[in-house]
Amino acid sequence: MLKTLLVSIALAASAPVAVAAQNDVQRAEALVNSAAIDISRTEQTKVADTVLSHIDTRAIASFTLGRHGRALPAHDKARFTRAFETFLRRQIEANAHQFSGVEVSVVNTSARNARDAIVTTEVRNESDALKVRWRVIERGGKWSVVDLEVAGIWLAIEQRAQVAAILSRPGADIDDVIAQFG
C-alpha cells in the first residue's frame, strides 16, 4: 500500500515535468519547422542568408574549436567565428539549388533533455527525399539550431574533428585553422 502511494505521488509530481518537456519539444519543433519553411521559400541567391539566420553560428564555431578554444584570446575566437561563417556560407551557396523550392516536413522529434532536442525532417524535391536532423538547444529562454546532420554526418562534429586534426600537426596554430576555413 505504501509503495503504491509513493509511486502515485512520484508520478503525480513528475507529470508537470513531462508536460514542460513536451512543451519544450514542441517549441524546438516549431523553430525547425519555421526555419525549414523559410529556407524552402527563399530564392536560390538568398538561401545562405536565410539558413545562417536560423542557426547559431557562434555556438557551432565555439563547439568546433573544442578544447583548443579555451586558451584562445577573444580576438582569435572572433576571427575563427567569422572564417567559420564564411566557410558555411560558401558550402550553402554551393548547394543552394538543393534547398530552394523543396518541401520539408517534420517526421519526428525526440527530447534529449528539457533543453536539447533532435528534430528529424524529410526534405523532398520532385525526384528525391532526404532526412535532415536538426539539433536544437535552449539557452536563456531562446531555442536555436546548433548542428545539422545530413547523410549521417553531423556538421559541427565533423568540423570539430577537422580542427583537431589541423591543430594536432606540429607547429600548427589558429591561423592554420582560419586559413583552412576562411
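The values are calculated or read from the model by the stated rules, or taken from the named source; none is laboratory data. Predicted, not measured: the structure shown is a model, and the values here were computed from it. Glycine gets a Cβ as well: all are built from the backbone with ideal geometry, and neighbour counts include every protein chain shown. All accessible areas refer to the heavy atoms of the entire protein, side chains included, with ligands and DNA or RNA removed. Shrake-Rupley method; radii C 1.70, N 1.55, O 1.52, S 1.80 Å.
For the chain, take the convex hull of the Cα atoms, compute a quarter of its surface area, and give me that in nm², please. Could you put the intermediate results ahead of the total?
Values: hull surface 56.0 nm².
Hull-based average projected area comes out at 14.0 nm².
Between Ala30 and Leu167, what is the label-to-label distance in nm when each label sits 7 Å out along the Cα-to-Cβ direction?
A separation of 3.7 nm, rounded to one decimal place.
Accessible area per residue for the chain in Å², computed with a 1.4 Å probe and the full protein assembly in place, what is it?
Details: 10900 Å² over 182 residues.
Normalised by residue count, the accessible surface of the chain is 60 Å².
Show that you can apply the helix-only estimate: for the chain, add -39,500 (n - 2.57) for every DSSP H stretch of four or more residues, divide by all residues, and state [θ] at 222 nm to the nearest 500.
-18000 deg cm²/dmol
Which residue, Asp116, Asp76, Asp56, tops the fluctuation ranking in a GNM of the chain built on C-alpha contacts under 10 Å?
Asp76
Report, to two decimal places, the Cα Rg of the range 76-182 normalised by 2.2 N^0.38 Å (N = number of residues).
Values: Rg = 16.3 Å, N = 107, 2.2 N^0.38 = 13.0 Å.
Normalised by 2.2 N^0.38 Å, the Cα Rg of the range 76-182 equals 1.26.
Which residue, Ile166, Ile137, Ile92, tops the fluctuation ranking in a GNM of the chain built on C-alpha contacts under 10 Å?
Ile166
Can you send over the carbon and sulfur percentage of the accessible area for the chain, probe radius 1.4 Å, protein chains only?
Numbers: 5770 of 10900 Å².
Whole-percent figure for carbon plus sulfur exposure: 53.
Could you pull out the GluC sites (Glu not before Pro) across the range 28-123 that fall in loop regions by DSSP (anything but H, G, I, E, B) with no more than 15 other Cβ atoms inside 10 Å?
Numbers: sites: Glu29, Glu43, Glu85, Glu93, Glu103, Glu122; in loops: Glu43.
Those that pass, being in a loop and sparsely packed, are Glu43.
To the nearest 10 square angstrom, how much accessible area does His75 have with a 1.4 angstrom probe?
Rounded to the nearest 10, that gives 120 Å².
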